[in-house]
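Participant: Below is one structure. I have some questions about it.
The values are calculated or read from the model by the stated rules, or taken from the named source; none is laboratory data. These numbers come from a predicted model, not from an experiment. So basically every Cβ, Gly included, is an ideal-geometry build from the backbone, and we count neighbours across all protein chains shown.
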Amino acid sequence: MTAPNRNTLWARAIVDELVAVGVDAVVVSPGSRSTPLTVAAARHADLHLFSQLDERSAAYFALGRARRTGRVTPLICTSGTAAANYHPAVMEADNARVPLLALTADRPPELRDSGANQTADQEKLYGDAVRLYKDLPEPAPADRALRSVRTTVARAVATAEGADAGPVHLNVPFAKPLEPTPVEGDVPDDLDPTAATGRDGPYVDVTPGSPEPGETALRELSEALSADRGLIVAGPADPPGLDPEAMTALSHATGYPVLADPLSGLRFGGHTRVAPVIGAYDAYLSATVAGGGSPAADGWTDPEVVLRLGASPTSKRLRKYLAGTGADQYAVDPAGRWREAEFAATDLVVAEPNRLCARLSRLVSGSGGDPAWRDQWESADRVAREYHRRDRGIGGDGKGSPGFHEGDVLRVVAEAVPDPSTLFVSNSMPVRDLDRFVPPSTTNLTALGNRGVSGIDGIVSSALGAGSATTDDLTLVVGDLALYHDTNGLLAADRCDVDVTVVLVNNDGGGIFHALPIESFDPPFTAEFKTPHGLAFEPVADLHGLEYARIDARPDSETTDGSAATGGSATADATGALAEAYGRARDADGSHLIEVRTDAESSHRTRERLAAAVERAVHGGGPA
């Protein structure tokens, strides 16, 4: 390999190894100190370069792309605060087990701790959040040094994508010249060709392994799953996701219903035709239901055994219910880590979940479970779906329509998305409304969200990153505060050529705080927790070139056609207007922003009334 200087040689070796191990894209933010890496990436014919102006958005974009693909999309940035802006996404990738590789350029060691401009301490910048950290040596045009850096890159990608997937940080110092300026004598002519240009394929091939129990432990687990009453609980999945075929096979073998979180990869898809996938549990489960703790739950039967896959479920009501059942609970985790915050699990099974379920489905010797047990869950789900339908709503007096509420936004969108689609949902209420109000369906829908540390920052960028990895249609449902946090992420729609339909649920502040006890204390509730902002979002659409539509679904407001949006008519007007606006966006080219104005308090009161009504109907034998 010939190169004008050692920095160019070093950066080419790093980028060449990324491509050799299967990386097909990088996300780059502009900066001087990272020039060698940026030039090498931009000039590589087999690498797609996404350019992001803001490092925080860049990191979340890479995270969203990796969440969709299960493969790492490396990040390249300059030194100083640029690297610090990766930190929120690194935290999310750590907790959500999303592959991430941060290549942070740095000043050479002699400039550290010297007061030199744009120089900060970048060593172990992300602490224990990363799976691997290395401060690379300064570029050296030497055989051993080049072999070392190629090996490090191969190890870094393999670690990021391993059984305990997550972020990896390589700090890369460069001294000037940073550009591919010829420096006479800087790169010797007698470098070993293998060190200089690499091998045919990766310099180091890493063969991944999948942890699994031995035959004796596997048979003991299969015997435990031969009980008549059991559940398969699938929480948010680690990339690349849970396998519907393996889960369906195990469900058929055991006869157990599958309680599928919307982010599990099991709530939607063709397998729901043949597997007992349950989706409305958040509407009728609570801690008081478990063990017959409530008189209303006298006829409800609890599980004897629970197999838990993925991360902790989104639904707090499900988590509390499981903690109260007293069932044997087997938490499956490929990294052997603990992800069950109620501390109700009785066993930790260190295994890759898809392979484990496939093997168990061939070993379980039960009779296919108790049919009445499955009927209990399927019947409860049917009751919940009926109550959540628009024509079976529960008003303040216990009958009639409650009017439009925020859960309807998720229901309308999920019913109207193209097939196939990627649906990215924000934290706070959108993901919870998706969980409660959107039932299983055969639509080829990939639902994603950032549930690692459940922040509202970086949501837009994560969604656009996910959209960049597929030709599927992309829809983002986001709250107003989350959109405010990441409006600059919308720049990627144009710069990275990603079409998106953004459905904005604007309730003018932090609506989720209505679900917390602090609601009863005002002040400080309104000013310090709900924090109304009064922002207008149409200028955001104008700024980023998005087509804009607005639906006002607040009580006593005017709808888009000027009619009064009150009572039952508000439901029909807002529902129809949203379906129409989304349909236009879905069928048109380009990106769109649909703003739905809602009232957080009335939506929360409706959620409470619906939950109470569904729970009475399921557990108390009331009319459905």
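Participant: Just need a number here: residues in the stretch 181-226 that are among the polar types (S, T, N, Q) and closer than 17 Å to Ala11 by Cα.
Facilitator: Residues meeting the conditions: 3.
Participant: Buried (at least 19 other Cβ atoms within 10 Å of the Cβ), under 16 Å from Glu595 (Cβ atoms) and touching a helix residue (DSSP H, G or I) at 6+ places or on another chain (Cβ under 8 Å): is that true of Leu481 in this structure?
Facilitator: no
Participant: Scan the stretch 471-506 for residues that are within 24 Å of Val438 (Cα to Cα) and of a type in the set (S, T, N, Q) and report the count.
Facilitator: Number of matching residues: 4.
Participant: Could you tell me whether Thr73 is at pLDDT 95 or above, buried (at least 17 other Cβ atoms within 10 Å of the Cβ) and among the polar types (S, T, N, Q)?
Facilitator: In short, yes.
Participant: Would you confirm whether any residue within the stretch 12-34 is farther than 28 Å from Gly455 by Cβ, free of Cβ contacts under 8 Å to residues at least 24 places away in the same chain and not in a strand (DSSP E or B)?
Facilitator: Scanning the stretch 12-34 turns up no residue that is farther than 28 Å from Gly455 by Cβ, free of Cβ contacts under 8 Å to residues at least 24 places away in the same chain and not in a strand (DSSP E or B).
Participant: Exactly one of these conditions fails for Leu221: (1) in contact with a strand residue (DSSP E or B) (Cβ under 9 Å, 6 or more places away or on another chain); (2) surrounded by fewer than 18 Cβ atoms within 10 Å (Cβ to Cβ). Give me its number.
Facilitator: (2)
Participant: Kindly establish whether Ala345 is buried (at least 17 other Cβ atoms within 10 Å of the Cβ) and either closer than 18 Å to Leu231 by Cα or modelled with pLDDT of 95 or more (or both).
Facilitator: Here the answer is yes, as Ala345 does meet what is asked.
Participant: Return only the number of the condition from (1) of a type in the set (Lys, Arg); (2) within 30 Å of Gly185 (Cα to Cα); (3) surrounded by fewer than 23 Cβ atoms within 10 Å (Cβ to Cβ) that Arg33 does not satisfy.
Facilitator: If we test Arg33 against (1) of a type in the set (Lys, Arg); (2) within 30 Å of Gly185 (Cα to Cα); (3) surrounded by fewer than 23 Cβ atoms within 10 Å (Cβ to Cβ), just (3) comes out false.
Participant: So Glu519 ticks every box in (1) closer than 22 Å to Asp599 by Cβ; (2) surrounded by fewer than 18 Cβ atoms within 10 Å (Cβ to Cβ); (3) in contact with an Asp or Glu (Cβ under 7 Å, 6 or more places away or on another chain) but one. Which box is left unticked?
Facilitator: (3)
Participant: Would you be able to say whether some residue in the stretch 581-588 is touching a helix residue (DSSP H, G or I) at 6+ places or on another chain (Cβ under 7 Å), loosely packed, with under 15 Cβ neighbours inside 10 Å, at pLDDT 95 or above and in a helix (DSSP H, G or I)?
Facilitator: yes
Participant: Is there a residue in the stretch 551-573 that is surrounded by fewer than 18 Cβ atoms within 10 Å (Cβ to Cβ), outside any helix (DSSP H, G or I), within 28 Å of the chain's Cα centre (by Cα) and at pLDDT 95 or above?
Facilitator: no
Participant: Which residue, of Val502, Val498, is surrounded by 15 or more Cβ atoms within 10 Å (Cβ to Cβ), among the hydrophobic types (A, V, I, L, M, F, W, C) and touching a Ser or Thr at 6+ places or on another chain (Cβ under 6 Å)?
Facilitator: Exactly one of Val502, Val498 is surrounded by 15 or more Cβ atoms within 10 Å (Cβ to Cβ), among the hydrophobic types (A, V, I, L, M, F, W, C) and touching a Ser or Thr at 6+ places or on another chain (Cβ under 6 Å), namely Val498.
Participant: Turning to a different aspect of this structure: Filter the stretch 405-431 down to the residues that are out of contact with any His (no Cβ under 8 Å at 6 or more places or on another chain) and small (Gly, Ala, Ser), then identify the one that is surrounded by the fewest Cβ atoms within 10 Å (Cβ to Cβ).
Facilitator: Taking the candidates together, the pick is Ala416.
Participant: Then there is this: What's the total number of residues in the stretch 487-546 that are in a helix (DSSP H, G or I) and acidic (Asp, Glu)?
Facilitator: Residues that pass the stated criteria total 5.
Participant: So Ala541 clears everything in (1) touching a strand residue (DSSP E or B) at 6+ places or on another chain (Cβ under 8 Å); (2) within 30 Å of Pro313 (Cα to Cα); (3) not charged (D, E, K, R) except one condition, right? Which one?
Facilitator: Every condition holds for Ala541 apart from (2).
Participant: Consider the stretch 432-443. How many of its residues are β-branched (Val, Ile, Thr) and either more than 27 Å from Val274 (Cβ to Cβ) or crowded, with 24+ Cβ neighbours inside 10 Å (or both)?
Facilitator: Residues in the stretch 432-443 being β-branched (Val, Ile, Thr) and either more than 27 Å from Val274 (Cβ to Cβ) or crowded, with 24+ Cβ neighbours inside 10 Å (or both): 1 in total.
Participant: Can you give me the number of residues within the stretch 111-166 that are over 27 Å from Asp186 (Cβ atoms), touching a helix residue (DSSP H, G or I) at 6+ places or on another chain (Cβ under 6 Å) and touching a residue at least 60 places away in the same chain (Cβ under 8 Å)?
Facilitator: Number satisfying all stated conditions: 1.
Participant: Among the residues of the stretch 196-220, which ones are under 26 Å from Arg71 (Cα atoms), over 35 Å from the mean Cα position of the chain (by Cα) and small (Gly, Ala, Ser)?
Facilitator: Gly198
Participant: Next up: Pairs please, first residue from the stretch 479-499 and touching a residue at least 12 places away in the same chain (Cβ under 8 Å) and of a type in the set (S, T, N, Q), second anywhere and in a helix (DSSP H, G or I) and surrounded by fewer than 21 Cβ atoms within 10 Å (Cβ to Cβ), Cβ atoms under 9 Å, 6+ apart in sequence or on different chains.
Facilitator: Thr487/Val540; Thr487/Leu543; Thr487/His544
Participant: Which condition from (1) farther than 27 Å from Tyr387 by Cβ; (2) under 19 Å from the mean Cα position of the chain (by Cα) is the one that Val233 breaks?
Facilitator: The one condition Val233 does not meet is (1).
Participant: Now for a different question. For the stretch 82-188, give me every one of the strands (runs of 3 or more DSSP E) that falls completely inside it and has 2 or more residues that are buried (at least 24 other Cβ atoms within 10 Å of the Cβ) and touching a Pro at 6+ places or on another chain (Cβ under 6 Å).
Facilitator: Passing ranges, in order: 100-106.
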